[in-house]
1. How big is the Rg/Rh ratio for the stretch 302-381, C-alpha atoms only, Rh by Kirkwood, two decimals?
2. Total Lys pairs in the chain closer than 30 Å by alpha-carbon, pairs eight or more apart in sequence or interchain only?
3. Residue separation times 0.36 nm, minus the C-alpha to C-alpha distance between Glu383 and Arg164: what's the value?
4. What three numbers, in Å, describe the spread of the alpha carbons of the stretch 161-267 along their principal axes, ordered from the longest?
5. Using only Cα atoms, what Kirkwood radius does the stretch 45-120 have, in angstroms?
6. Give the Rg/Rh ratio for the stretch 534-637, taking Rg as the radius of gyration of the Cα atoms and Rh as the Kirkwood radius, to two decimals.
7. Between Gly116, Val407, Phe295, whose Cα lies farthest towards the positive end of the dipole of the chain when Lys and Arg beta carbons carry +1 and Asp and Glu beta carbons carry -1, centred on the Cα centre?
8. Given the peptides 389-396, 194-201, arrange them by the average over their residues of other C-beta atoms within 10 Å, most packed first.
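Just so you know, all these numbers are worked out from the coordinates, no wet-lab data involved. In this text the structure is predicted, and so the values were computed from the model without any measurement. Glycine gets a Cβ as well: all are built from the backbone with ideal geometry, and neighbour counts include every protein chain shown.
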Amino acid sequence: MRRAVLVLSVVCQLATAPAAQGVAPRGPASVSSRDLTADIVGFLRQEITAHTADIRSLNPPQPRVVGANTGGDFSYGSFMRAVMAFSALAGDRTVAGRDVPAFLGQVGLVDARGGGKTFAQLAGALTLRHFGADLRTNPLWQSLTTDEQALWRSLLDSARFYDRQTRKVINLPENYLGVAARIVTIDFQLGLVTDRAFVDDVLNRAAEQFAQGALYADDAVPAGRYDRYSQEYARFLYEAAESVGRQDICRTLEPALKAVLQTWWGLVGPDGDGYPWGRTNGAISYMDTLEIVAFAAKYPQFRPAPLPQLASVYYAAWRWLKNDYRVDRHLLDIFAFGRGHFSYINPEREWQQTTAFFYKLAGAQQWLSAALESERIEMFPEEPTLPPVTRFDWHRRDARPAGTWLVRQGALRFALPITTGTVPGVADYLPAPHGLPGFAAPVEQFVPAMTPYVELADGGVIVAGDGADTIEPAADGRSLRVTWKRWALVRAENKTGTTTPLVGGAGPLVEPGLTAVVTWTLDGNAVIRREAITATTPTMIRRFSMMFTSTGSRVTTSVREGGRRVDRFESPDGPVEVDVMDSSVPLATSLQATGNSALGRGTRGAIPLVLQWQADNLVLQAGASLTWTLRLRAPGE
């Protein structure tokens with residue numbers, strides 16, 4: 001007798017535009033290089049003029065421009081760099097009736113007086129250098145009074161965030177050594193720093209990881225945090241070293257740059273999304289693609305693909321960003337419904353994020369258009385054709401190894417990072433298939449997004465993350481086996497008897513007497529996750545839970561042969577089917593709508609629905625295991 005099939009359909013209506021998920025209107029089959037430049041120059045001229053025209057006071061600086069807050073750490077610095085980069089690209093000497101060098105000289109004084117650091121200082125250094133290395137003829141410098149020049153000197157002093165004695169950045173991640181290197185080398189070119197030994201020492205300090213053989217920079221030494229900053233750090237340092245003739249450091253960086261750009265090419269999405277995990281996603285990830293392609297255009301020895309293919313991905317990222325831009329407000333729509341951000345992307349930085357888009361776009365287009373013209377590439381494909389990928393890229397192979405599994409097979413595509421996050425257990429860094437159509441991790445939330453949380457009898461919560469004990473990728477890249485004996489402690493019980501998330505970077509690893517072995521396997525257009533959690537001593541698990549946090553606004557639930565439940569989510573990225581194939585313990589399954597809660601905010605748009613599996617009060621005797629198998633299938637449209 002044929003078993004009846006039960007189908008339940010749930011639909012969530014979202015107040016969000018298609019742009020939030022990266023959907024862009026289709027264009028012609030190919031793109032003219034000249035038309036691309038004209039389009040970008042026209043966009044930037046219109047928008048930078050609007051922003052500049054709205055600035056009426058710089059001393060004191062006005063708190064809002066085009067209605068957006070300007071109180072971010074480097075808001076005025078980002079604007080200054082944007083105007084400079086646009087002027088360099090378009091050749092415009094005036095913007096909104098203002099003489100660019102004289103105007104930017106005054107803009108730089110905002111951060112000079114306000115104690116601006118890091119990227120505010122880099123913006124000042126790059127802007128000043130653009131107008132000439134000889135300050136005696138530099139129109140920006142010559143527009144300043146003696147007192148204003150002194151303020152600019154203070155702005156360009158790396159001591160604001162780099163301790164020369166300890167050779168460390170002050171309370172900042174490792175990637176800021178790359179920022180320090182760029183500022184110091186530019187200061188040397190401008191004659192503001194004359195101590196060449198100091199310049200070389202900063203470069204040597206910034207290059208230490210690479211000099212010791214690292215291909216991917218750890219942004220939280222020695223915890224092992226790997227994300228987009230691995231490639232940005234290497235790019236920054238290469239540009240700094242090259243600018244002062246440190247070819248030895250350039251040669252040291254070559255293997256790293258080739259590796260990180262190959263990784264990026266293996267994980268970039270068809271809409272130009274650069275890195276689907278970590279703390280800088282969403283619009284920044286698309287801007288990152290612009291800058292990576294531009295870097296590869298200028299330095300062809302690092303290209304992971306031919307320039308026309310890279311230009312195609314660049315064009316996809318530009319379309320996404322342009323479609324995400326609110327021309328009526330003159331701002332990126334970064335705080336749209338369902339959009340989540342790490343806490344440092346707050347309303348005070350709304351203007352900063354938009355003007356960062358301007359300077360990244362203008363700077364990238366200058367390098368890309370120069371390369372396209374030099375290599376006589378007049379047309380390139382409108383839609384990127386990305387190669388199939390199934391491989392594991394090692395980031396390090398020590399006692400706590402790390403790396404990323406890259407998969408791109410038809411509709412099935414994702415990056416599964418095994419790395420340390422900003423905080424133990426935060427969803428953005430869990431070993432989950434980030435970028436899988438229909439799935440997204442809620443931004444900066446402590447939830448078990450495609451990686452189980454295990455609550456123990458004492459109330460502590462642990463997760464198999466923050467690197468691993470062993471990583472075993474298959475030779476053909478089609479499966480991955482990972483083992484955790486030491487777990488990341490997400491929450492610890494406090495004196496009140498409640499549990500709170502740990503904060504402040506990488507946390508302690510604990511050995512709870514449980515060993516987790518997770519195997520991911522590709523099976524046609526599906527990826528299958530098998531997990532076994534085995535007790536070495538009798539262990540009580542108060543709660544075992546995991547979530548599939550979906551970008552789909554519609555789900556259809558059916559019961560197939562054998563009584564197996566299958567949930568099909570329809571998302572802007574494509575459909576995905578989710579089902580538990582087997583489990584050694586009963587799993588309670590629930591489906592919930594997130595509304596406008598933090599759980600429902602992803603980097604590129606809303607996470608409307610959450611499917612959760614949970615089991616409570618489990619007792620594992622020594623040698624016993626909790627096992628279960630989950631399948632994620634991307635059937636295509």
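1. Working: Rg = 15.4 Å, Rh = 14.6 Å.
Computed over Cα atoms, the ratio is 1.06.
2. So the count of such lysine pairs works out to 13.
3. Taking 0.36 nm per residue and subtracting the Cα distance, the gain is 74.1 nm.
4. 42, 28, 20
5. On the way: mean 1/r = 0.0800 Å⁻¹.
Hydrodynamic radius (Kirkwood, Cα only) of the stretch 45-120 equals 12.5 Å.
6. Details: Rg = 15.8 Å, Rh = 15.2 Å.
My calculation of the ratio gives 1.04.
7. Farthest along the dipole direction, towards plus: Val407.
8. Details: 389-396: 19.5, 194-201: 12.9.
Highest to lowest by the protection proxy: 389-396, 194-201.
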